[in-house]
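Here the structure is laid out as C-alpha cells; the discussion comes afterwards.
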Amino acid sequence: MIVLPAFEWQPGLLLRTETARFLIRSLTSQDATPRYVGWWNDPVVQGQLRQPVRNWTQTEAQRHIGRFDNRSGFHLGIFPHGESLPIGFFTITAQPAMRLATTATVLGEQGWWGKDVPLEVRGHMLHFIFGALGMEKAKGVIHGRNLPSIFNSEALGFRCEGILRGETLGQDGKRIDAYLYGLLKSEWESMHERT
Amino acid sequence: MNAHETARRLMAEAFGCSPEEIADDARLGHQPGWDSMSHMRLVLALEERLGRELAPEEVVSIRSLDAAARLLA
C-alpha cells in the first residue's frame, strides 16, 4: 500500500510535514536563533548560493523570515526528529499565475552534508508543490560546479534545461556558470506511476 | 583496458565497491552506492583521468556507465 505524504497547511497558515528523518515546518520569527542568523553570515554556507555573507543581525533575519507568506512563498526549516534546532532550510517561491515554483535547499549544518538531506526533503516537498500548491513545474538553479546538487537534481528527475555561462560572480571574483534544472508535473507523475 | 572498462573501474572506486558490482546499465539513481558524494568523486576521477576539467555540458551528461565511458573514449 502506498502512503502519500501528509501536509498540514492552509493558504496563509504555517506548513508542517514529516519525512523519515525530518520535521519540515514553516519558520517563524522565533526561529531566528544564533544558529540560523549564523548561516547568513557564514561564507561557506552562503557559498552554496554563491552569495556574499549578509552580516545580518537577529532583527534582519526575522525580517527575512517574515517575507514568506506561506501562501506562495515558503521558508521551511529542516529539523531532525527530536531536535529543536534546524539543520537548514528549504525555500519555495511560487508564481501561481504560471503554476511555476522555484526551490532552493540550504544546509547550514555541515555535519549533514553528504547525507542525502536535499534528496529526501526536496523529493518529499515535490508532493506538496505538485499537489496542494497546484504547480505544474518546479525549477531550481545551481550556481557553479556544485556536483552534489547536480546529482540531487538529476536523481529526482529534474532535467538540465540550460547552462548560463558566467552568470554570477563568485566570492573570489571569478564568473560562475548557473545550471538551470526543471521538472514538469507530468514527468514527476510518470516517475511515480512506474514505482 | 577500453573506455568502458576504465569507466567501470573509476565508478567502482568512487562508489566503494568492486567493478563486478557496477551494472552494465548502471544509471544515476539506480545503482547502489551512487549518491551525491560518490558522484562528486566520480566526476573528479574522470577529470583526473582526462587531465582536464570537464565542460559544464559534460558534467551534466554523466548519468550512466555508458555516458562516463563516452567521455573517456
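For the stretch A:123-151: of the residues being touching a Ser or Thr at 6+ places or on another chain (Cβ under 6 Å) and assigned to a helix (DSSP H, G or I), which is farthest from the other protein chains (Cβ to nearest Cβ)? So, considering only residues that are touching a Ser or Thr at 6+ places or on another chain (Cβ under 6 Å) and assigned to a helix (DSSP H, G or I), the one farthest from the other protein chains (Cβ to nearest Cβ) is A:H124. For residues in the stretch A:133-148 being without any contact (Cβ under 8 Å) to a residue 60 or more places away in the chain and of a type in the set (G, A, S), which is nearest to B:H39 (Cα to Cα)? So, considering only residues that are without any contact (Cβ under 8 Å) to a residue 60 or more places away in the chain and of a type in the set (G, A, S), the one nearest to B:H39 (Cα to Cα) is A:G140.
Within the stretch A:174-185, the presence of a residue that is closer than 24 Å to A:G114 by Cα, in a loop (DSSP other than H, G, I, E, B), in contact (Cβ under 8 Å) with a residue 60 or more places away in the chain and not basic (K, R) is excluded. Within the stretch A:92-101, the set of residues being surrounded by 16 or more Cβ atoms within 10 Å (Cβ to Cβ) and either among the hydroxyl-bearing types (S, T, Y) or at pLDDT below 95 (or both) is empty. The numbered conditions (1) in contact (Cβ under 8 Å) with a residue 40 or more places away in the chain; (2) away from every other protein chain (no Cβ under 14 Å) are all true for B:E13 except (1).
Checking A:R54, A:R71 one by one, the residue that is at pLDDT below 95, in a loop (DSSP other than H, G, I, E, B) and farther than 20 Å from A:P148 by Cβ is A:R54 and no other. Residue count for the stretch A:1-33 under the criterion of being outside any strand (DSSP E or B) and touching a residue at least 24 places away in the same chain (Cβ under 8 Å): the result is 17.
Residues that are modelled with pLDDT of 95 or more, over 11 Å from the mean Cα position of the chain (by Cα) and at negative phi are absent from the stretch A:139-146. One residue alone among A:F130, A:F90 is among the aromatic types (F, W, Y), farther than 25 Å from A:D177 by Cβ and touching a residue at least 40 places away in the same chain (Cβ under 8 Å), and that residue is A:F130.
Where helices (runs of 4 or more DSSP H) sit wholly within chain B, those with at least 1 residues that are touching a strand residue (DSSP E or B) at 6+ places or on another chain (Cβ under 6 Å) occupy B:56-59. Please determine whether any residue of the stretch A:137-158 is surrounded by fewer than 17 Cβ atoms within 10 Å (Cβ to Cβ) and in contact with a strand residue (DSSP E or B) (Cβ under 7 Å, 6 or more places away or on another chain). Scanning the stretch A:137-158, I find no residue that is surrounded by fewer than 17 Cβ atoms within 10 Å (Cβ to Cβ) and in contact with a strand residue (DSSP E or B) (Cβ under 7 Å, 6 or more places away or on another chain), so the answer is no.
Sort out which residues of the stretch B:61-73 are within 14 Å of another protein chain (Cβ to nearest Cβ) and of a type outside the set (S, T, Y), and write them in order of number.
B:I62, B:R63, B:A67, B:A68, listed by residue number.
Output the residue which, of all residues in the stretch A:152-195 that are among the small types (G, A, S) and under 18 Å from A:L107 (Cβ atoms), is nearest to the other protein chains (Cβ to nearest Cβ).
Looking at the filtered set, the residue picked out is A:A155.
Considering only the stretch A:105-118, I want to know if a residue exists there that is in a helix (DSSP H, G or I), away from chain B (no Cβ under 14 Å), at pLDDT 95 or above and more than 14 Å from the chain's Cα centre (by Cα). So far as the stretch A:105-118 goes, no, none of its residues is in a helix (DSSP H, G or I), away from chain B (no Cβ under 14 Å), at pLDDT 95 or above and more than 14 Å from the chain's Cα centre (by Cα).
Considering the stretch B:32-60 alone, what residues qualify as being facing another protein chain (nearest Cβ under 7 Å) and of a type in the set (D, E, K, R)?
Taking the stretch B:32-60 as the starting set, the residues that turn out to be facing another protein chain (nearest Cβ under 7 Å) are B:35-37, B:39-40, B:43, B:56-57, B:59-60.
Result: B:D35, B:E57.
The values are calculated or read from the model by the stated rules, or taken from the named source; none is laboratory data. Since the structure is predicted, the reported quantities are computational estimates derived from the model, not experimental observations. Ideal geometry is used to build each Cβ from the backbone, glycine not excepted, and the neighbour counts take in all protein chains shown.
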